[in-house]
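Asks: Please find one structure pasted underneath; my questions will follow.
Where a number appears in this text, it was derived from the coordinates with a stated rule and is not lab data. All values derive from a computational prediction rather than experimental measurement. Cβ: placed from backbone, ideal geometry, glycine included. Neighbour counts: every protein chain shown.
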Amino acid sequence: MSIESALRNAGGHGQRFALGPTTLWPGHKSIYSQFASVLSTMSTSSAPSESLNNDVSKMANDPASIVKKLRDTFDDGVLETVEKRKKELQAFERMVVENADAFADAMWKDLHKPPAESHAHEIDFLVGEIQQTLSNLKCWTAPTKVTRYVLQALDSAYILKEPLGVVLVIGAWNFPVRLLLSPVVGAIAAGNTVVIKPSEISSHTSHLVALLVPEYLSEGVATVVEGGPAETTELLKQRFDHIFYTGNPAVGKIVMRAAAEHLTPVTLELGGKNPVIIDETADLATTARRLVWGKFTNAGQVCVACDYVLNLHPDKEAFMKYVAEAITEFYGIVPKDSPDFGRIVSKRHFDRLIALLSATSGTVAIGGNSDESTLFVGPTVVTKVSEDDALMKEELFGPIMPVIDLETLDQAISFIRKREKPLALYVFSNKTKNVDLVTSRTSSGAVVVNDLIMHMSLETLPFGGVGQSGMGKYHGKYTFDTFTHEKSVLNRSSGFEKILFMRYPPYTESKLAWARRFLSKWRVPF
């Protein structure tokens with residue numbers, strides 16, 4: 001099977017949800033940039049507009065020239081100095097701020113994403129990350145002195161922060177601004193030129209990024225390539241100095257295989273079945289509200305959303321009551337009418353979720369309703385789910401929450417350990433011993449206690465998976481480090497030559513004795 005065929009099978013491509021050519025969120029008063037009008041005239045079919053197809057085709061036919069141009073500008077020093085990088089990052093910030101409403105409009109069209117979520121979860125986060133990077137860039141790029149020993153007493157030793165070169169960033173459709181552009185911030189900060197590949201599934205956002213980037217960034221800093229599996233396949237044939245991919249494990253394997261042809265390092269931000277443990281000490285009312293928010297944000301299409309619940313609390317009825325109340329409070333009696341509840345991104349994803357609901361042997365206790373015409377799947381809770389249920393076979397990535405009742409914490413830990421390592425693990429507990437037990441006896445990208453998702457908002461924590469949920473980390477300085485080569489530099493003194501006679505041939509017993517005496521003491525820090 002070709003890379004392109006594998007991408008088509010694994011990528012979940014299909015007809016995306018569309019509200020209409022000019023539909024905005026309810027009550028919205030748009031303050032558009034000069035490019036937002038393009039969004040209102042774009043076709044809402046699954047295919048891009050004819051002019052967009054022509055642009056994409058032109059680029060995809062010659063991806064080598066795209067990479068060559070970026071490599072030439074990299075070699076010419078387009079981002080060689082901190083000042084040049086800051087200038088581009090400041091332009092990048094202006095791009096996001098000046099077009100915030102246009103980005104929100106695009107995400108509403110692509111995902112029915114509420115404006116509050118678009119701004120708080122994507123746009124504002126990205127602006128904050130750019131500002132943090134600008135504030136710290138001089139410090140991050142400075143050489144780092146390292147400890148020297150007696151042997152290096154007259155030498156200088158340091159680590160130089162070196163850009164990798166030309167990098168490829170492949171974004172995801174579920175957070176089409178943040179997950180695409182956050183890595184780009186770190187890549188530019190580190191001095192790399194970038195090929196930006198948005199997801200074609202979130203096509204309105206993809207096209208807006210493609211329009212804006214060349215208007216704000218200097219030529220040769222970044223190039224946006226739109227398109228689907230065919231374009232991605234051609235890009236993956238090129239030699240990059242790093243590939244950063246966000247998406248699912250199936251495509252992650254394809255990216256990694258392609259990267260291996262050039263020995264290109266990769267960062268894979270993937271997903272998994274993220275468990276939630278609720279123990280007997282949890283505050284059920286608070287737990288339910290935070291769980292409902294963390295599960296049904298973006299209609300459950302979040303890589304760190306709760307995938308299933310392991311409920312150890314003895315009051316099962318109270319838990320379900322609080323969950324039902326929270327759903328009604330957040331999304332009303334009819335969530336389909338709520339402007340704050342998202343939609344499934346494509347017909348293919350919709351059909352997959354409906355098939356899983358049809359196949360479950362559990363009981364649909366809350367929700368279960370859907371509307372194919374608008375790709376709506378309501379907030380759904382399924383109880384009495386068995387360990388081998390259809391809902392437990394794959395990452396759900398939608399507004400379906402299986403609940404499995406267990407008796408002990410050991411059972412919950414054993415349940416999790418038998419499965420692939422998740423991107424996030426959540427535990428609701430007011431007992432330190434239980435929290436420590438879960439944290440120490442399970443492996444996951446992150447652990448969050450008494451909440452969901454919020455670790456993504458703290459840029460001083462590295463974000464990334466382990467095992468099947470990914471490799472590598474980013475956010476804040478960790479993104480800068482991902483796109484940086486730490487080059488060791490040792491500048492030796494011309495002195496000490498008489499002492500170093502022992503290292504030169506011909507070797508004698510006397511030299512060996514000198515060397516042993518010297519080496520026994522040389523690790524004393526200087």
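Asks: Any idea what the relative contact order of segment 275-463 is, in percent, if you count C-alpha pairs under 8 Å spaced at least 6 apart?
Replies: 28 percent
Asks: Sticking with this structure for a sec: In percent, how large is the relative contact order of segment 404-446, given Cα pairs closer than 8 Å and 6 or more residues apart? Present the calculation step by step, with values, prior to reporting the outcome.
Replies: Working: 26 pairs, mean separation 20.7, N = 43.
After rounding, I find 48 percent.
Asks: Here's a follow-up. Taking the simple approach of a point 7 Å from Cα along Cα-to-Cβ for both residue 260 and residue 333, what is their distance in nm?
Replies: In this crude spin-label approximation the distance works out to 5.8 nm.
Asks: On a 0 to 90 degree scale, rounded to 10, what angle separates helix 124-141 from the longest Cα axis of the chain?
Replies: On a 0 to 90 degree scale, this one is about 0.
Asks: Could you give the radius of gyration (one decimal) and Dmax (whole number) of the Cα atoms in segment 275-463, in Å?
Replies: 15.7, 49
Asks: From the P(r) of segment 385-507, could you give the percentage of C-alpha pairs in the tail past 23 Å? Show your work: numbers first, answer last.
Replies: Working: 3910 of 7503 pairs.
Tail of P(r) above 23 Å: 52 percent of Cα pairs.
Asks: Say a paramagnetic label sat at a point 7 Å from the Cα of residue 86, along Cα to Cβ; which residues of segment 185-206 have their backbone N under 20 Å from it?
Replies: 185-193
Asks: So, one more: Rounded to the nearest 500, what is the chain's calculated 222 nm mean residue ellipticity when only DSSP H runs of at least 4 contribute -39500 (n - 2.57) each, over all residues?
Replies: On the way: 18 runs with 209 residues, N = 526.
The helix-only estimate for the chain comes to -12000 deg cm²/dmol at 222 nm.
Asks: Further question: So if I take the centroid of the Cα atoms in segment 130-147 and the same for segment 391-434, what is the distance between those two points in Å?
Replies: Here the answer is 38 Å between Cα centres.
Asks: Related question: For every other residue with a beta carbon closer than 11 angstrom to the beta carbon of residue 182, add +1 if it is Lys or Arg and -1 if Asp or Glu, then tell me the sum. Walk me through the numbers before you get to the answer.
Replies: Values: positive: 178; negative: 122, 129, 269, 459.
The answer is -3.
Asks: Right, next: Please give the FRET efficiency for residue 156 paired with residue 283, using the beta carbon to beta carbon distance and R0 = 56 Å, rounded to the nearest 0.05. Before the final figure, lay out the partial values.
Replies: Numbers: r = 56 Å, r/R0 = 1.01.
Rounded to the nearest 0.05, the efficiency is 0.50.
Asks: Step through the table entries 477/521; 273/347; 109/321; 347/418; 295/336; 197/473, compare each Cα-Cα distance with 27 Å, and write down the pairs that go over it.
Replies: Details: 477/521 37 Å; 273/347 22 Å; 109/321 33 Å; 347/418 32 Å; 295/336 16 Å; 197/473 19 Å.
From the list (477/521; 273/347; 109/321; 347/418; 295/336; 197/473), the Cα-Cα distance tops 27 Å for 477/521; 109/321; 347/418.
Asks: Helix 63-75 against the longest principal axis of the chain: what's the angle in degrees, Cα atoms only, rounded to the nearest 10?
Replies: In the chain, helix 63-75 runs at an angle near 50 degrees to the longest axis.
Asks: Any idea what angle helix 203-216 forms with the longest principal axis of the chain, computed on alpha-carbon atoms, 0 to 90 degrees, nearest 10?
Replies: That helix lies at roughly 40 degrees to the long axis.
Asks: For a Förster distance of 25 Å, can you work out the FRET efficiency between the beta-carbons of residue 313 and residue 458, rounded to the nearest 0.05?
Replies: Values: r = 28 Å, r/R0 = 1.11.
Computed FRET efficiency for residue 313 and residue 458 comes out at 0.35.
Asks: Below 8 Å between Cα atoms, with a sequence gap of 6+, how large is the relative contact order for the chain in percent?
Replies: Details: 1011 pairs, mean separation 97.3, N = 526.
Answer for the chain is 18 percent.
Asks: In nm², what is the average projected area of the convex hull enclosing the Cα atoms of the chain?
Replies: Spelled out: convex hull of the Cα atoms, projected over all directions, averaged, 29.4 nm².
Asks: Which peptide among 297-304, 503-510 comes first, and what is the full order, when sorted by highest mean count of other Cβ atoms within 10 Å?
Replies: 297-304, 503-510
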